[in-house]
Amino acid sequence: MKPVNQHTIHCAIVILAAGQSSRLGEAKQLLPYKGKSLLVQAVDTALATEIRPVVVVLGARNETLSKELTEKEVVIALNENWEEGMGSSLRCGLLKAQQVAPETNAVIFMVCDQPHVSPELLVQLIKTNEETLKPIVASSYGEQSGTPAFFSSKVFPALLEIKGDTGARKLIKQYADEVATIPFPEGIIDIDTQSDYQTLLKQD
């Protein structure tokens, strides 16, 4: 007889897109790349999986950015405290996912300025959790581990306690023994400055 799987994963994807992009000088979410804005590209990548719900956390310029998403199967979470930093967006996104899907017992956080994220990578995060039973599965690039990253409900209380401009990477370090990683070398490419963006465009 096949053993009963006691651990059914109900995962949400939360796209963190609330920042002001102060170092860039304009909304990085709206930068065009391969015919789409970086925000729409991230959303389409998430929607190409079967993982639902897909929650998009908006803050700065939320009225402009929400217009990008009117035809998309996403839930918008408005982070009115976005100026507090990344921690507030993590909390906002997780709480919204639990609100719209109370069965949510895992979440994948991703950002919109890692343009090489693929649907397969997102699915692999869940598969790695199933294989390793580690509550955190992070993407590994360079000498660090970070987003996209999977968190099981075991670490939800810690996620909800993150304050200030501290992202998921703090938890990945804090729970180092509880973390599995998958290789994502292209994850080192993110867009914080105009130079980063020009470098990205030259690569394609």
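What follows draws every value from the coordinates through simple rules; no lab data is involved. Predicted model only: the values in this text are computed from it and were never measured. Cβ sites come from the backbone with ideal geometry, for glycine too, and all protein chains shown count toward neighbours.
Here are a few things to note about the model shown:
- Length gained on full extension, K67 to S153: 27.8 nm, using 0.36 nm per residue less the C-alpha separation.
- With a simple spin-label model that places each label point 7 Å from the Cα along the Cα-to-Cβ direction, the separation between E103 and K173 comes to 3.7 nm.
- Rel. contact order, % - alpha carbon contacts under 8 angstrom, at least six apart, the chain: 24 percent
- Exposure proxy order (Cβ contacts within 10 Å, fewest to most) of K67, K173: K67, K173
- Taking 0.36 nm per residue of separation and subtracting the Cα-Cα distance, full extension of the segment from K36 to E120 would add 28.3 nm.
- Couplings 3J(HN,Hα) of the stretch 10-20, computed from phi: 10, 9, 10, 10, 10, 9, 8, 9, 9, x, 8 Hz, in residue order, whole Hz [Karplus 6.51 cos²θ - 1.76 cosθ + 1.60, θ = phi - 60°; x for Gly and Pro].
- A simple charge model with +1 on the Cβ of Lys and Arg, -1 on the Cβ of Asp and Glu and nothing else charged puts the dipole of the chain at about 220 debye relative to its Cα centre.
- Computed 3J(HN,Hα) for the stretch 145-156, one whole-Hz value per residue from the Karplus formula 6.51 cos²θ - 1.76 cosθ + 1.60 where θ = phi - 60°, is 10, x, 6, x, 9, 9, 10, 7, 4, 4, 10, 4, glycine and proline marked x.
- Centroid-to-centroid separation of the stretch 135-161 and the stretch 33-97 [C-alpha atoms, Å]: 18 Å
- Theoretical ellipticity at 222 nm over the chain - DSSP helices of four or more residues, -39500 (n - 2.57) apiece, nearest 500: -9000 deg cm²/dmol
- The calculated pair-distance distribution of the stretch 11-203 uses every alpha carbon pair, bins of 10 angstrom beginning at 0, and gives 9, 40, 40, 11, 0 percent.
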